[in-house]
Amino acid sequence: LCLEEKQIAYRSVMLSFEKQQHKTAQVLSLNPRGMVPILVDRDTVLYESLGIIQYVETELESSVSLLPANRRQRARALVRMNEANNVSAVVGEVVYYLRRTAPDQINEDYLRVKSEALYKEIALWESYLDASDFLAGDSVSLADVSFFPTIAYTVRLGFDLTKYPRLNAYYQRMVARPGVQNSWPPHWLTSDGAKPLKGL
């Protein structure tokens, strides 16, 4: 998404987790954790999403900047960029629990506590959109590039964003962007996937 928004040409290599392609010797030579994404720029290899998008912003030539010129907005973009990991954490806890626990073994009190943490986190991001179309102002920044994939995944898992009107409108704005359309995971276009968060 970052490369798309900055209009930088790239070649994407898709890996199958089901076939354990992310654990091959070739991938492990690039990232010993066997995780994606991985960016290879000539003789430089990066992994970890935040490191990659900062590198793309500062080291690769582009006429498009994803850091606002305004100092306060730039600071906000950097904070939100790093803060987006909190969404991944709360979503992950709920989804992991639901996927790993038999329906008749679910602890409703535990699930309620984790679900409330998810609602609270999403509501916080709703409040961040009270004065602008995007997370750090009126144009896409590193904050959006960092945050949007997580909220898109959350929606794919069945979470209902319509209860959060500003965030839902933001999601629709982002989905309509060519950069998002071009970087959408191919299997998302052909299947709905499981919906563990539906009705949560």
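Bear in mind that the values in this text are calculations on the coordinates, not laboratory data. Keep in mind that this is a model prediction, so the values were computed, not measured. Backbone-built Cβ (ideal geometry, glycine too); neighbour counts: all protein chains shown.
Working note: Karplus 6.51/-1.76/1.60 with θ = phi - 60° gives the range 41-51 the couplings 10, 6, 9, 10, 10, 10, 9, 6, 4, 5, x Hz, where Gly and Pro are set to x. Between 29, 127, 183, the Gaussian network model of the chain with springs among Cα atoms under 10 angstrom shows the greatest mean-square fluctuation at 29.
Distance between the 7 Å Cα→Cβ label points at residue 192 and residue 176: 2.5 nm. Computed packing ranks the peptides 3-14, 88-99, 72-83, 133-144 as 133-144, 72-83, 88-99, 3-14, most packed first, by mean other Cβ atoms within 10 Å.
Compute the orientation-averaged projected area for the chain from the convex hull of its Cα atoms and round it to one decimal in nm². With the hull built on Cα positions only, its mean projection is 12.5 nm².
In terms of distances greater than 30 angstrom between alpha carbons, the cross-link table entries 120/195; 6/114; 114/163 yield 6/114. Counting only aspartates and glutamates at least 8 places from residue 198 when in the same chain, those with an alpha carbon closer than 20 Å to its own are 93, 104, 108, 109, 116, 121, 126, 160. Based on the Kirkwood approach, the hydrodynamic radius assigned to the range 140-200 is 12.3 Å, with every pair of different Cα atoms included. Each stretch of four or more DSSP H residues adds -39500 (n - 2.57); spread over every residue of the chain, this sum gives -16500 deg cm²/dmol at 222 nm. Legend: Rg and Dmax of the range 41-95, from Cα coordinates, 14.0, 40 Å.
Phi-derived couplings, Karplus 6.51 cos²θ - 1.76 cosθ + 1.60 at θ = phi - 60°, listed residue by residue for the range 82-99: 6, 5, 4, 4, 5, 5, 4, 5, 6, 5, x, 5, 5, 5, 4, 5, 5, 6 Hz, with x used for Gly and Pro. Distance distribution P(r), the range 98-193, all Cα-Cα pairs, bin width 5 angstrom from 0: 2, 11, 20, 22, 17, 13, 9, 5, 2, 0 percent.
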